[in-house]
Amino acid sequence: MQAAVLDKLGNIPVYGDIAQPIPANEDQLVIKMEAATIKQIDKLKVSGKHYTSFPSFPTTVGIDGVGRLDNGQRVYAMGLTGMIAEYALVDKANCVPVPENLSSALAAVLPNALLGSDAALVCRAKIQKGDVVLINGATGVSGRMAVQTAKYRGASRIIVTGRNAQSLAYLQQLGADVCISLLDDDTAIMQQLMQVQQQTPIDHVLDYLWGKPTELLLSVLAKQCEKPINIITIGQMASAEINLPSGILRSKPISLLGSGFGSISAQLMHDYHQNELPKLFALAAEGGLLADYELHSLEQVEQAWQAKTAPGSRIVINI
């Protein structure tokens, strides 16, 4: 079969030929792929900088995607083998049906974006209707999805931060109530966060930035935090580290959590995929969830892997 083939860590996957996977037992299936995305986690894994690894080389890449079973049923699944390929091996118990009126490309984009947004709200924040949500660094794919799913889950107010003015304006169209530009000086950013805390105290923070923006938030919370707040770290676009005086956590009802593979158990992930993804696929099929993407063919995977995307957009390989 043809696939995105990686011969060693650190190289760029290339279009090439590799053996089609064969099920090892009756719990495994081979699906004919239709679409898969190139995400940051895919690039980290290929570079050798992710905590997961490949069992051997050469190998196929891509952690998840959309394809069809032998009976024609279209499904989303995470792969036991790389998904940017004509065929991929999956666990049949983890396949999630995809509506025929939802494009394979959008169906391929949604799950990872939802893992970094809605799954964090549901599994880690345990969001309740009426909660106030701050999305710190909301202009990327997952941040945009977080605005939409926070609204879907019943958030009473959604506050977003980001550096791109055009993207912040678009987030208002998606449902954000307050937009804070991280291009402002530190004092102005903190004043705006303080105003939010005084008017409608935040219940949950989805943090894609870490680093200095999170330090500014914590400085505000050190002065104004009268009710419990969850800060859920999902990414580290600003920095991998922060300066955190322990007194802030001792004196205020702040909970620091992580969300991702490992912090969400395999069982919780399975339950989320089986119970929540079908509802969200149906919502997206009706136009209730939006995501930008750029289509490339499998033959173009090497170029697509190195391509720069617009803010808030993701590359989809059409197979």
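The Cα-based radius of gyration of segment 16-96, divided by its Kirkwood radius, gives an Rg/Rh of 0.95.
Counting only lysines at least 8 places from K252 when in the same chain, those with an alpha carbon closer than 19 Å to its own are K223, K227. Pairs exceeding a 21 Å alpha-carbon distance, out of K8/K39; K8/K308; K32/K279; K32/K308; K151/K212: K8/K308; K32/K279; K32/K308; K151/K212.
Mind running the shape call on segment 1-135? Use the C-alpha gyration tensor, a ≥ b ≥ c as the square roots of the eigenvalues: rounded below 1.5 for a/c, prolate if a/b tops b/c, oblate otherwise. Oblate, since a/c reaches 1.5 and b/c is not below a/b. Over segment 137-233, what relative contact order in percent results from Cα pairs under 8 Å that are six or more residues apart? This gives 24 percent for segment 137-233. Remark: the L290-Q191 segment gains 32.5 nm on full extension, using 0.36 nm per residue and subtracting the alpha carbon distance.
For the chain, the share of accessible area belonging to carbon and sulfur comes to 49 percent (1.4 Å probe, ligands and nucleic acids excluded). Between S265 and E226, full extension at 0.36 nm per residue minus the direct alpha carbon distance yields a gain of 11.0 nm. Solvent-accessible area of R163, all protein chains in place: 150 Å² (probe radius 1.4 Å, heavy atoms, ligands and nucleic acids excluded). Placing L206, L249 in order of accessible area, with the largest value first and a 1.4 Å probe, yields L249, L206. Were the residues from E241 through Q20 laid out at 0.36 nm apart, the gain over their Cα-Cα distance would be 75.4 nm. Over segment 238-319, calculate the relative contact order: mean separation of alpha carbon pairs under 8 Å at least 6 apart, over the residue count, as a percent. This gives 22 percent for segment 238-319.
In percent, rounded to a whole number, the relative contact order of the chain is 19, using alpha-carbon pairs under 8 Å and six or more apart.
When a/c reaches 1.5 or more, the comparison of a/b and b/c decides; with that in mind, is segment 164-217 rounded, prolate or oblate per its Cα gyration tensor? Rounded, because the longest to shortest axis ratio a/c is under 1.5.
With a Förster radius of 41 Å applied to the C-beta separation of S47 and Q198, the computed FRET efficiency comes to 0.40. Here the chain has an Rg and Dmax of 20.2, 60 Å, counting Cα atoms alone.
Distance between the pseudo-spin-label points of F57 and E86 (7 Å out from Cα toward the beta carbon): 2.5 nm. With protein chains left intact and a 1.4 Å probe, residues in segment 67-191 average 37 Å² of accessible area per residue.
The values are calculated or read from the model by the stated rules, or taken from the named source; none is laboratory data. Here the structure is a predicted model, which means the values were calculated and not measured. With ideal geometry, Cβ positions are generated from the backbone for all residues, glycine too; neighbour counts draw on all protein chains shown. For accessibility, only protein heavy atoms count, side chains too; no ligands or nucleic acids. Shrake-Rupley method; radii C 1.70, N 1.55, O 1.52, S 1.80 Å.
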